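Scroll down for the structure; my scribbles are underneath it.
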Amino acid sequence: MEKIVVKDDEQIELSNVDGDLEVHDGAIINVSSKVDKLVINGNLVSKGDVEINGSIEVKEIIHKNGYLEITGDVIAERIKIRNGGRGGSKLIVGGNLTAEETAIDGALIVEKDFNCPQVKIMGSCAVYGNTNVETYEVSGSAKHELNLNATEVDISGSFKVGEDAIIKEELEVSGSAKIGGMLDCPEVEVGGSFVCNNLITNSTDVSGSAKTSTAQVGDKLNVSGSYKCEGSIIAAKLSVSGSSKVGDDSKIEKLSVSGSSRAGDNCKFVDVKVSGSLGLGANTIAENINVSGSCSSSGLLRLSEKLQISGSLSGDEIEAGEISVSGSLNCEIAKADLINIGRDSRVRGKLFGGTVIIGDGARVEDITADEVELGRKVRAGVVEAGTIDADPSAKYTKG
């Protein structure tokens, strides 16, 4: 096998290399127009800034100390790009890049599709076509204009995919992540902000803010900042340390929010705990809601178990197994098997219950129940009940 050496700043035309091709700084290689691609039966070994005009097929590319630019397609078994003392190295491919293994101490730019099972890049990566990889590790930022298919992805900087990202096992991003289409990945961890059109995941942790159009979460979505879902989210657990907003028809088994939270119409919950404000749309169904702050709803709010508010509660019609309010209640109708209004609370609207307990100093309007207890200095409207146990200081009208 014959080795061809291209010297510094030399320009030649090649159609075939039956051995290794060694190329030095400043050299330009033009692929003959008589062939579709330059076939190198050995390795391409280059250094400095090298330009190849056309497509190549080679066993291995070994390049260091500069930019290697190939204007056409590249087919290789292995690619190794190394940095030298004079600055960063970069591989620029103007067409498709296909390899079995790619290791780059610098940057990679691929203008069309990138197909490679094993990829490790110590700088940045930009792909303007579709990307198909298995193990994908980038120490800087990664940008993908179209679709990404992978098994494992680890990005130390920012991560951007213009269309869909399908990742079989795990996505870990230390910076921000933005997915223009669907992200389908079982385990996701993002250190910065996260934006995704349609999230399909089992478990996702976001250290910054997060925004999705829709989401399907098998286990949990944890967000340390604010979270907004413009459409519906279906999740076993949603935990948000900042504000939260979910759209119509959302279904969340366990919702935990440390700031304000809003939900659209026709939402279903199992357990809700909010330390702040909670705003619910029409026709909300839940088992338990616990709010330390304010809670408001429109239309019918129906709970199979307990609604507990330490603050204010307002709505049109509220039904629950148990309603407990320490603060204020303002609604047209509140119905429950047990209604407990705390000390010095204020109620506007009608209360219907099996048992209604009004704490000392509270002010309420009309009550209809099986049993009613009125504490000291309670002021009530008309009370209709089978049994009324009222402190002598309480004032009300018996119906």
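What follows is calculated from the coordinates using simple rules that are stated; it is not laboratory data. Computed from a prediction, not measured in an experiment: that's the story for all the values here. All Cβ positions, glycine included, derive from the backbone under ideal geometry; neighbour counts span all protein chains shown.
Key figures for this structure:
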quantity	calculated
F159 long-range amide H proximity, modeled H, under 5 Å	A142, S176, A177, K178
S33-E187 FRET efficiency (beta carbon distance; Förster radius 56 Å; 0.05 resolution)	0.70
Relative packing of 187-193, 204-210, which averages over residues the other C-beta atoms within 10 Å, highest first	204-210, 187-193
³J(HN,Hα) computed for each position of the range 328-338 - Karplus, 6.51 cos²θ - 1.76 cosθ + 1.60, integer Hz, glycine/proline x	9, 10, 9, 7, 5, 9, 10, 10, 6, 5, 9
Nonlocal amide H pairs with K168, under 5 Å, H built at 1.01 Å	A150, T151
Option label - volume of the Cα convex hull per residue in Å³ computed here, alternatives [x] 279; [y] 106; [z] 182	[y]
Distance violations [Cα-Cα > 31 Å] among K143/K273; K178/K268; K268/K395; K90/K160	K143/K273; K268/K395
Computed lengthening from T368 to E163, 0.36 nm per intervening residue step minus Cα-Cα distance	68.0 nm
Sequence-separation-based contact order of the chain, relative, with Cα cut under 8 Å and 6+ spacing, percent	4
Potential extension, E13-R376 segment - 0.36 nm per residue separation minus Cα distance	120.5 nm
Overall Cα dimensions of the range 41-146, principal axis frame, Å, largest first	30, 29, 20
Sites matching trypsin sites (Lys or Arg not before Pro) across the range 47-146 that sit in DSSP coil, with at most 12 neighbouring C-beta atoms within 10 Å	R86
Whole-Hz couplings from phi, Karplus 6.51/-1.76/1.60, listed for the range 212-219; x for Gly and Pro	9, 7, 9, 8, 10, 10, x, 10
Alpha carbon centroid spacing (whole Å) that separates the range 212-291 from the range 365-392	36
